[in-house]
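Take a look at the structure below.
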Amino acid sequence: MSVLLTNISELATVHAPSSGRKPGTAMNDLGIIRNAAMLVEERILWVGTQRQAEKRFAAFPGLARYDCGGRAIIPGFVDSHTHIVFAGSRADEFALRLRGVSYQEIAARGGGIMATVRATRAASEEELFVSAQTRIIEALRHGTTTLEVKSGYGLSLEAELKLLRVIERLQRELPVRIVATLLGAHAIPPDAASREDYIEMLCTELIPEVARNGLATFCDVFADVGYFTTAEAERILAAGLDWDLQPKIHADEFADVGAARLAISIGAASADHLLHIAPETIPEFARWRTVATLLPGTAYTLRLPMPPARALIDAGATVALATDCNPGSCRTENMQTIISLATQLAGMTLEEAITAATLHGAAALLREHEIGSLDVGKYADFIVLDSPSVLDLAYHFGTNRVAEVWIGGKRVVSNDVPQIEFPPSSPSP
Ligand SMILES: [Zn+2]
């Protein structure tokens, strides 16, 4: 059934050109329509001003109308990088890091990714599903309408397949759009017979099995010091491409190992992190389609320098923002927090951050022609903010500015409902 949304103070469409991307300074153009209206079914049928809607749809008195109460609307967030399926907590490591122990030192002591791998291998599919569902609902309540989810805490044939089956069930049972990524190359597990053996298993057993069962769209590799070399990454991603799994790379987070350059040269959908990207690689992002995905929440949690957002945007890159939601280096599901960090600490404008968190997140998932902006023909995935201005998204920080979330033309979240029970009388002071 069609619904005409009316009384929208600002409709930030993030209007996308035919390329589906707005690189460089074009990220500042949110395509805002003031005093707007929007007609939706599962997809967007029409956008315009309230005045145009009154003329155009006056002859349809039976049309369902929905009064947005003078609030602003933006596209739903597309969180294109998460590790949201895992077991256990690494709050203890977080406390150690607050005392000055580094992420690499913790990993060397048997913590880090391997701590989560042990907990995740021991957990049942049901346990993993239930804990991930709780986190995804949290993301949804904060405005995320599409979420990429990686495997990578199994690190064996069976355990990686278990994680991908959990992701497939989350796809089926939750109202959020979920895109699956195989990250068998997250780390070399200590119980592998050898480095070579593990990589061989990834390329010849795991990747074909995942592809045959349609369990993932992307194949990702953690290419960095202490993880996979760029040569190994290239081999694994090429094996993925043979099975039509599109490449993504965790690139140059801890050191410049040339992973961003590799991402561009193999036509990866995205190169993510980029904290130590070589300065000469930055302009290359303007020439090729690889999205530069920045994860400022991880830099914040690990107390690392912020990603070079300004240099990338000024060079004309297509920059995306994502949470990197994971138990070790960034424990948040909230894209609004990421926008706050990107604007306050990484030098982005609010308009750039919104484009990065919506349209360019979609581009990082090769979905920019379906989602990520409020253009006619795309899925009607959007957020009604609790304020008349999109500016409040960064200005009023640290609390949830999302009033409603709509996915595929249906309202799936309303945060308006009061959740506090007021006592009959105030407690004594
Ligand atoms: Zn990651």
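The values are calculated or read from the model by the stated rules, or taken from the named source; none is laboratory data. Source: prediction; values computed, not measured. Backbone-built Cβ (ideal geometry, glycine too); neighbour counts: all protein chains shown. The accessibility values were calculated without ligands, DNA or RNA, using every heavy atom of the protein model including side chains. Shrake-Rupley method; radii C 1.70, N 1.55, O 1.52, S 1.80 Å.
So that you can scan it fast, the table gives a plain yes or no per residue for (1) open to solvent by 60 Å² or more (accessible area, probe 1.4 Å); (2) closer than 26 Å to Y103 by Cα; (3) out of contact with any Leu (no Cβ under 9 Å at 6 or more places or on another chain):
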site	(1), (2), (3)
L274	no, yes, no
I277	no, yes, no
F285	no, no, no
T293	no, yes, no
T298	no, yes, no
M306	no, yes, no
A315	no, no, yes
From the options I84, I73, residue that is of a type outside the set (F, W, Y), crowded, with 23+ Cβ neighbours inside 10 Å, closer than 30 Å to N35 by Cα and modelled with pLDDT of 95 or more: I73
Pick from region 396-426, criterion within 16 Å of E10 (Cα to Cα) and either modelled with pLDDT under 95 or touching an Asp or Glu at 6+ places or on another chain (Cβ under 6 Å) (or both), ranking: surrounded by the most Cβ atoms within 10 Å (Cβ to Cβ): R401
Subset of region 88-118 [over 24 Å from K248 (Cα atoms) and part of a loop (DSSP other than H, G, I, E, B)]: G88, S89, R90, R99, G100, V101, S102, R109, G110, G111
Residue match in region 379-395 (condition: in contact (Cβ under 8 Å) with a residue 40 or more places away in the chain, closer than 30 Å to H186 by Cβ, within 16 Å of the ligand (Cβ to nearest atom) and not in a helix (DSSP H, G or I)): no
Check on T343, within 14 Å of the ligand (Cβ to nearest atom), at pLDDT 95 or above and among the polar types (S, T, N, Q): no
Tally, over region 337-363, of residues that are open to solvent by 10 Å² or more (accessible area, probe 1.4 Å) and part of a helix (DSSP H, G or I): 7
Any chance A36 is crowded, with 17+ Cβ neighbours inside 10 Å, small (G, A, S) and either within 16 Å of the ligand (Cβ to nearest atom) or assigned to a strand (DSSP E or B) (or both): yes
Scan of region 225-256 for residues that are open to solvent by 30 Å² or more (accessible area, probe 1.4 Å) and in contact with a strand residue (DSSP E or B) (Cβ under 6 Å, 6 or more places away or on another chain), ordered by number: T230, Q246
Residue check, V117 in contact with a Leu (Cβ under 6 Å, 6 or more places away or on another chain) and closer than 22 Å to T301 by Cα: yes
Failed item in (1) in contact (Cβ under 8 Å) with a residue 40 or more places away in the chain; (2) among the hydrophobic types (A, V, I, L, M, F, W, C); (3) on the phi < 0 side of the Ramachandran plot, with M348 passing the rest: (1)
Filtered residue count, region 214-224, keeping only those that are open to solvent by 30 Å² or more (accessible area, probe 1.4 Å) and without any contact (Cβ under 8 Å) to a residue 40 or more places away in the chain: 1
Filtered residues of region 43-63 (kept if open to solvent by less than 30 Å² (accessible area, probe 1.4 Å) and among the aliphatic types (A, V, I, L, M)): I44, A53
Number of the condition not met by V14 [criteria: (1) within 30 Å of R135 (Cα to Cα); (2) in contact with a Phe, Trp or Tyr (Cβ under 6 Å, 6 or more places away or on another chain)]: (2)
L164 being assigned to a strand (DSSP E or B) and open to solvent by less than 20 Å² (accessible area, probe 1.4 Å): no
Test: I354 is modelled with pLDDT of 95 or more, within 11 Å of the chain's Cα centre (by Cα) and either in the same structural domain as I282 (by TED's automatic domain parsing) or basic (K, R) (or both): no
